[in-house]
Structures are given as structure tokens and as C-alpha cells.
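This report concerns only the one structure given below.
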Amino acid sequence: KCYEDENSPYLKSVNNILMTYAFFNFDVGYVQGMNDIVSVLLIVNQGNEVDTFWCFKGLMDKIMNNFHKDQIGIHSQCKLIAEIIKFIDPALYQHLQSNNSLNMFFCFKWLLILFKREFILEHVLVIWDFLFSDHHIENMHLFIAVAMLFEVRDEILENKLEFDEILRILNGLSEQLDHKKILIEADYLFKKFMIVSDPTIQKKLYLSCFELSKPTSEYDYS
């Protein structure tokens, strides 16, 4: 409701914060999706622009590479999601591979704005609280993404869906998923992955989003 009126002070505050950040960080400026993140933080901070700006700045320090033009941060995380699926669901992995869908780009929006458009605000706050507590690891959002994908896993395999069809179905899940079920499933998938996966892949999970996107051979698992 804070953003329904085009003259809402919250909308003006979002604009002020994004403008300030664009001047604060010329290298990145404004990128679509930042407004989604700021809009949530502003509500959490009860409309306080200063507190929201510094919260946003701190979060951007962690996920900055998601918003670079080369999108290296998102690409690196999508690759790791594919690796997770490879170990915990080989059948789904093989299907995605056979349909040239291992780029996992249907997860792009989820990762970019941390599931903000996939759940109602109250549930987004629960998910963010889970993520920012660094439960198990910093990269638990990857397992949330896998858990969300698994909601349509059987449909994908039974109907042999290709990328465009998978994307359409996942887009249709917006605000339809049970956030508590997804978090429980993500926790289970993490524990399963740590049992069945290769230690070299496990090590990447403990890297920050910034480290994951380093273009070095050490982190290159393509």
C-alpha cells in the first residue's frame, strides 16, 4: 500500500535513495531491480531514508556483481545452481542439459532481487531474514532457488518441458508458493547436497557472491 499512490512519499524516498546511490557509486549507477530491493528496505526502516540508504549500500557491497553489465555475478550463481542439481537430482540435470537449459536463466530474476517478486511482502521479509542470518552458508539463496524449481520438477520431466515452457510455468508461480515449505525444502536440500556432492564444489558454497564471480581459474567450474 505504501507504493500504490503515485504521490506516495515512499516512492519519492525510493527515487531519492537510488539517485544518491547512483552518485555514490558511478561505476554501477542505477540498474533495474535496485528499486525492488530499496522498496523493501524502506518499509523495514519505516520510511527512514538515511537508514535505508546505508542498509542498501551494505547489501549492494555483497551483491554488487549481480548488477554489473556483464552480469558475471548472476551467471556464476546460475552455474552453481546447475552443479547443485547435478548432484541431488541427476534426472532433472540430464533433462535440462539435453534441452540446453543448464544456463538456469529462469532463475535470473529470483537471484537478482532476492525473490522479492515471487512472494508477498510479509513472506519476502521472512525469506530475507533467513538469508541475512547466513543460515548454514551465505549462499542459501541458491538452495531456495532449487527448492522453487523442484516445485515443478515432476511436471518438467513428465512433459519434457523446454526452457521457454519452464520459464512460463515458473513465472506463473509468483505469490503462489508456500514460503515456509520452500525454506524447509531449501534446508533439506543443502544438507543432502553436503552428503552427496564433491568437496571441491562444496567449497564454492562458502564463497561470498563477490568471490563466486571472480573470473579466475580457481572459481571457474564451467
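The values are calculated or read from the model by the stated rules, or taken from the named source; none is laboratory data. This structure is a prediction, so every number in the text was calculated from the model and none was measured. Methodologically, a virtual Cβ is constructed for each residue, glycine included, from the backbone with ideal geometry; neighbour enumeration extends over all protein chains shown. We work out accessible area using only protein heavy atoms, side chains counted, and drop any ligands, DNA or RNA first. Shrake-Rupley method; radii C 1.70, N 1.55, O 1.52, S 1.80 Å.
Here are some notes:
- When Leu189, Leu177 are screened for being at pLDDT 95 or above and either outside any loop (DSSP other than H, G, I, E, B) or among the hydroxyl-bearing types (Ser, Thr, Tyr) (or both), only Leu189 passes.
- Scanning the range 132-165 for residues that are more than 17 Å from the chain's Cα centre (by Cα), β-branched (Val, Ile, Thr) and not in a loop (DSSP other than H, G, I, E, B) yields a count of 1.
- Selection of the range 17-28 for residues being open to solvent by 10 Å² or more (accessible area, probe 1.4 Å), without any contact (Cβ under 8 Å) to a residue 40 or more places away in the chain and over 21 Å from Val124 (Cα atoms) yields Met19, Thr20, Ala22, Phe23, Phe24, Asn25, Phe26, Asp27.
- Selection count where residues are among the aliphatic types (A, V, I, L, M), open to solvent by less than 70 Å² (accessible area, probe 1.4 Å) and modelled with pLDDT of 90 or more, scope the range 32-77: 10
- For beta carbons closer than 9 Å, sequence separation of 6+ or different chains, a first residue in the range 123-140 that is open to solvent by less than 30 Å² (accessible area, probe 1.4 Å) and a second that is at pLDDT 90 or above and among the acidic types (Asp, Glu), the qualifying pairs are Val124/Glu118; Ile127/Glu118; Met140/Asp187.
- Any hit, the range 163-174, residues being of a type in the set (Phe, Trp, Tyr) and under 23 Å from Phe132 (Cβ atoms): no
- Cβ pairs under 8 Å, 6+ apart, first in the range 167-187 and in contact (Cβ under 8 Å) with a residue 12 or more places away in the chain, second open to solvent by less than 30 Å² (accessible area, probe 1.4 Å) and among the small types (Gly, Ala, Ser): Ile182/Ala147; Leu183/Ala147; Glu185/Ala147; Ala186/Ala147
- Taken as a whole, the condition of being closer than 19 Å to Val152 by Cα and assigned to a helix (DSSP H, G or I) applies to Ala91.
- Every residue from the range 40-54 that is without any contact (Cβ under 8 Å) to a residue 60 or more places away in the chain and of a type outside the set (Asp, Glu): Leu41, Leu42, Asn45, Gln46, Gly47, Asn48, Val50, Thr52, Phe53, Trp54
- The residue that is surrounded by the fewest Cβ atoms within 10 Å (Cβ to Cβ), counting only those in the range 141-169 that are in contact with a helix residue (DSSP H, G or I) (Cβ under 6 Å, 6 or more places away or on another chain) and more than 14 Å from Ile85 (Cβ to Cβ), is Leu167.
- Pairing each residue of the range 87-101 that is closer than 22 Å to Tyr188 by Cβ with any residue that is part of a helix (DSSP H, G or I) and open to solvent by 60 Å² or more (accessible area, probe 1.4 Å), provided the two are 6+ apart or on different chains, yields C-beta distances under 6 Å for Phe87/Val196; Ile88/Lys192; Leu92/Arg153; Tyr93/Lys86.
- Every pair of residues 6+ apart whose Cβ atoms lie under 9 Å, when the first sits in the range 1-16 and is closer than 15 Å to Leu41 by Cβ and surrounded by 11 or more Cβ atoms within 10 Å (Cβ to Cβ) while the second is modelled with pLDDT under 90 and acidic (Asp, Glu): Leu11/Asp5
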